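Worksheet: the structure to be examined is printed underneath.
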Amino acid sequence: MPIEVGIWRLGAKPSKISVSTIDSEAKLEDTLAGDLSILSQHWMLIGRQVLTAYGKLIDMLAIDAEGNLIVIELKKNRTPREVVAQLLDYASWVQTLSYSDVSAIYSEKNPGKEFEEGFDDAFGISPPEKINQSHELVVVSSELDPSTERIIGYLADNYGVPINAVFFRYFHDEGRDYLARTWLIDPEEAERKSSKSASKKGSEPWNGRDFYISLGEGEHRTWADCQRYGFISGGQGKWYSQTLKLLFPGSRVFVNIPKTGYVGVGIVKEPAVPVKDFKVIVDGREIPILNAPVDAPNMAENANDLDLCEYLVRVEWIKTVPRSQAYWEKGLFAIQHTACRLTNRFTLERLTQHFGLDNQDVDLI
């Protein structure tokens, strides 16, 4: 059933804040285009009103750090059948786009700027060699009606169609405007449901939970510190820290030390934060990690620069081993990105067995 969002101002007697009317769907589109992080901090806008080969205009086309495309369509005053059919039509075209196609669209919509430059600005990394291995479809609306919910739920639950809906409410209170956002399906759950769909173009599905971590040891971080205080980290450049933002509380991480092997598995407890904001317990007291005894001599370098500083993610370890006991065998997954979704079934099976974990997550994929 449709979700109602309400906000109350607390006081001696709670007072409900009134819902404001949205002047137009264009206003909502302008708001999202001005800051796409309102929808997702992991997306970059490629362009608005993107012309397809069939003469239709996609409201907004975006891309994530892994190179997957996102088609965003405002419901406007169309029926659920019309907007969903339109999105599926767009998907049939979007799935054909090559790297050069996406680059050309971006350059057209962002004059004077190359796709690679925009991608680096947004994610701090270069685009992957292969992009558009998957795509997502998102319906944006000022309200969610029962028909839209039923259609989207049916497609996602029964056929793995990568489709979701998000609706917004405007609130006005004492001269200030507020925007509330609600997803029909939790984005992580939607990713898991759609990961088995044909749109993956041969790539292995993701179980919606597990991530690979590359922990490069050196002057800014050591595995011993990570074990002792319960964290993983990356930094000294956006390329190294940006992917840590993919991690969410409840996700599971498998830590690999490059050219050494896998040394631990744990559960993420908190999102990534700058090193200066990370606290640990020492002798029963909570103190900033920069005031704690650590092995990494330069962990504090660039601490006040949000682009260059080290970022830490709190982790509750399930099992860890010293680097001298790191596990490696031929064929295990390893790349340079600090964090990425772990979809390699062979690696997940081996790590599950090695660390003595429940193999239910392997069965999920």
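Rounded to whole numbers, the Karplus 3J(HN,Hα) couplings from phi for segment 89-104 are 5, 4, 4, 5, 8, 4, 5, 8, 6, 8, 4, 5, 5, 5, 4, 5 Hz, using 6.51 cos²θ - 1.76 cosθ + 1.60 with θ = phi - 60°, and x at Gly and Pro. Less than 5 angstrom separates the built amide H of residue 310 from those of 236, 275, all sequence-distant by 5 or more or on a different chain. For the chain, what is the percent of antiparallel DSSP beta bridges, rounded to the nearest 5? Just about 75 percent of them are antiparallel.
Note on segment 8-200: the C-alpha convex hull projects to 12.7 nm² when averaged across all orientations.
Longer than 20 Å from Cα to Cα, which of 245/276; 259/330; 245/269; 27/238; 27/245; 75/113 are they? Say none if no pair is. Going by Cα-Cα distance, 27/238; 27/245; 75/113 fall outside the 20 Å limit. Dipole check for segment 210-364: with +1 at the C-beta of Lys and Arg, -1 at the C-beta of Asp and Glu, and the Cα centre as origin, the magnitude is about 220 Debye.
Calculated on the alpha-carbon coordinates, the convex hull of the chain measures out at 182 cubic angstrom per residue. Counting charges near residue 291 (Lys, Arg +1; Asp, Glu -1) among other residues having Cβ under 11 Å from its Cβ returns a value of +2. Label zone (residue 19, point 7 Å along Cα-to-C-beta; backbone nitrogen cut-off 14 Å) within segment 143-165: 143-146. Rounded to the nearest 20 debye, the dipole size of the chain about its Cα centre is 680 debye, using +1 on the Cβ of Lys and Arg and -1 on the Cβ of Asp and Glu. Normalised by the number of residues in the chain, the mean separation of alpha-carbon contacts (under 8 Å, six or more apart) gives a relative contact order of 13 percent. Candidates 260, 346, 182 compared by Cα position along the dipole of the chain: farthest toward the positive end lies 346, with charges placed on Cβ. Looking at segment 94-160, which trypsin sites (Lys or Arg not before Pro) are in a loop (DSSP not H, G, I, E or B) and have at most 15 other Cβ atoms within 10 Å? Answer by residue number: 113, 130.
The numbers here are math on the coordinates, done by the rules we state, and not lab data. Just so we're clear, the structure is a prediction, and the values are computed from it rather than from any experiment. Cβ coordinates were reconstructed from backbone atoms using ideal geometry, including for glycine residues, and neighbour counts include every protein chain displayed.
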